[in-house]
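Student: One structure, pasted below without further comment.
FYI, it's all coordinate maths here, none of it is from the lab. Predicted, not measured: the structure shown is a model, and the values here were computed from it. All Cβ positions, glycine included, derive from the backbone under ideal geometry; neighbour counts span all protein chains shown.
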Amino acid sequence: MADTISFARGAPSLDIVNVDGLKQAAARAFEADPAGLTAYGTSVGYVPLRNWIAEKHGVAAERVLVTNGSLQADAFLFDTLVTPDSDVVVERPTYDRTLLGLRNRRGKLHPVTVDDNGIDTEELAALLASGVRPALAHIIPNFQNPAGVTLSAARRQHLLRLAAESGFTIFEDDPYLDIRFAGAPLPTMLEQDTDDRVVYASSFSKTVCPGIRVGYLVGGTEIISRIGKLATNTYISPNMVAQAIVYQFAVSGQLDQSIKTVRAALAERANRLGDMLRAELPDARFQVPDGGYFLWVELPDDVHVDKLAPAAADRGVAIVKGTDFLVEGGEHAVRLAYSAVTPAQIEEGVRRLADAVRAVRGG
Ligand SMILES: Cc1ncc(COP(=O)(O)O)c(C=O)c1O
């Protein structure tokens, strides 16, 4: 359908991407450092951006590796730590591409419940007590994709204790850190880590634009140096032009401005989506998140997503089925991204979705 309204895309709409600012940043980047941009560079990334990221997180530059999007960072980390049959803890639900990346490496997945305060660390403690020794726990701490929830401060500390006791790595996958529009920020696990238990990833996809493909890893020097060698052997170096543009965008203050723009737009969209869902789908259960791109909606048991998704598509609205984010379950849940839709599209999109729900109920 030509005018499909997409709640499926976890990307900013064009009106909140600063295209002119990016053009100016590109011009400045070529002007300031033509040799640095046009050469291969090194596997650790464009050095000025690497230093900028190190400063943002208060770590030594040797602990940072800048990649082509954080998915490339995920892939390097998984290739380093996950071998066939490695035990890996994932959140339930979690980002579908995390499940894909871990399945591709034949990791043995242990899903642990996510509730309103993030991953249930008591359930994880019980899993560890049963003898499971994971190599890695993948955690999305802020405005989780897809559930929208944030891991509480107490649970962040509990996770760090469990990781120290059982010897696993916490993969803190944090692309939504700066997209908070309500409540106070919480300390990252990275900044509370005292013995290199945390490998942290973030990205400029959600604050600048995804097409720029710039993300990064922060970890202990030993693992970052191992991953640096893997990166050299994979692609010599990531995209220096894109990273230099991001660097210029960041140091000029345009990044901070862009974050403000995205936050304000997404706050409005999230609230509008919540209001519309309450009005049009009074049986749906959800919480409007304090930030990020996604709202998770649980629908009544007689609404099955395998019927709902095509019925919604027929009415010109795209959603992602809850089942995509779970090893088991999710048949009555959907993820709605409010990042790529205007408030007017949200209103029309929820009306169409409610019509699709009515059509499939009980069927
Ligand atoms: C938790 C999580 N990690 C990673 C990514 C991908 O980020 P990037 O565009 O930097 O590869 C996403 C994008 O939706 C995400 O939600």
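Student: At 0.36 nm per residue, and after removing the present C-alpha to C-alpha distance, how many nm does the segment from R358 to D283 gain when stretched out fully?
Tutor: 25.9 nm
Student: Within the range 272-287, whose backbone N sits under 18 Å from a point 7 Å along Cα→Cβ of D302?
Tutor: Within reach of a label on D302, which here means backbone N under 18 Å from a point 7 Å along Cα→Cβ, the range 272-287 contributes 281-285.
Student: Given an 8 Å cut-off on Cα distances and at least 6 residues of separation, report the relative contact order of the chain as a percent.
Tutor: 26
Student: About the Cα centre, and with charges only on the beta carbon of Lys, Arg (+1) and Asp, Glu (-1), how big is the dipole of the range 219-297? Nearest 20 debye, please.
Tutor: Charge dipole of the range 219-297: 180 debye, to the nearest 20.
Student: If you average the sequence gap of Cα pairs under 8 Å that are 6 or more apart and divide by the length of the range 148-250, what percent do you get for the contact order?
Tutor: 21
Student: Would you mind counting up the charge near G292? Only other residues with Cβ under 12 Å from its Cβ, with Lys and Arg at +1 and Asp and Glu at -1.
Tutor: +2
Student: Pick out the long, greasy-scoring helices in the chain: whole DSSP H runs spanning 24 Å or more along their own axis by Cα, mean Kyte-Doolittle at least -1.0.
Tutor: Answer set is 254-280, 343-360.
Student: Under a point-charge model restricted to the Cβ atoms of Lys and Arg (+1) and Asp and Glu (-1), what is the dipole moment magnitude of the chain relative to its Cα centre, in debye to the nearest 20?
Tutor: The calculated dipole for the chain is roughly 600 debye.
Student: Taking a point 7 angstrom from the Cα of N117 along the C-beta vector, which residues in the range 157-201 have backbone N less than 16 Å away?
Tutor: So the set is 157-162, 186-187.
Student: From the C-alpha gyration tensor of the range 63-134, pull out the three semi-axes of the equivalent ellipsoid (sqrt of 5λ each), sorted largest to smallest, in whole Å.
Tutor: Here the semi-axes work out to 23, 15, 12 Å.
Student: Nearest-5 percent of antiparallel DSSP beta bridges in the chain?
Tutor: 50
Student: Could you work out the local net charge near A201, counting Lys and Arg as +1, Asp and Glu as -1, over the other residues with Cβ closer than 10 Å to its Cβ?
Tutor: -4
Student: Taking the convex hull of the Cα atoms, report for the range 188-321 its projected area averaged over all directions, in nm².
Tutor: Average of the hull's projected areas for the range 188-321 equals 12.3 nm².
Student: Can you give the FRET efficiency for D79 and T221, using 1/(1 + (r/R0)^6), R0 = 22 Å, r = Cβ-Cβ distance, to the nearest 0.05?
Tutor: 0.75
Student: Counting just the Cα atoms, what span does the range 260-333 cover along each of its three principal axes? Round to the nearest Å and put the largest first.
Tutor: Sorted from largest, the Cα extents of the range 260-333 read 38, 28, 22 Å.
Student: A further question follows. For the range 10-106, calculate the relative contact order in percent as a whole number, restricting contacts to Cα pairs under 8 Å that are 6 or more residues apart.
Tutor: 17
Student: Additional query: Assuming a ≥ b ≥ c are the square roots of the Cα gyration tensor eigenvalues, decide whether the range 1-106 counts as rounded (a/c under 1.5), prolate (otherwise, with a/b larger than b/c) or oblate.
Tutor: oblate
Student: When the helices in the chain are scored as -39500 (n - 2.57) per DSSP H run of 4 or longer and the sum is shared across all residues, what 222 nm value do you end up with, to the nearest 500 deg cm²/dmol?
Tutor: The per-residue figure over the chain is -14000 deg cm²/dmol.
Student: For I170, I236, which order do you get if you count the other beta carbons within 10 Å of each Cβ and list the fewest first?
Tutor: In order of increasing Cβ crowding within 10 Å: I236, I170.
Student: Something else now. Based only on Cα atoms, what Rg/Rh ratio does the chain have, Rh being taken as Kirkwood's radius?
Tutor: My calculation puts Rg/Rh at 0.97.
Student: Can I ask one more? Would you list I319, I139 from fewest to most Cβ contacts within 10 Å?
Tutor: I319, I139
Student: Can you figure out the FRET efficiency of T38 with N233, using R₀ = 25 Å and their beta-carbon distance, to the nearest 0.05?
Tutor: So, using R0 = 25 Å, E works out to roughly 0.65.
Student: Figure the gain on full extension for Q192 and D20 (residue separation times 0.36 nm, minus the Cα-Cα span) and round it to one decimal in nm.
Tutor: 58.1 nm
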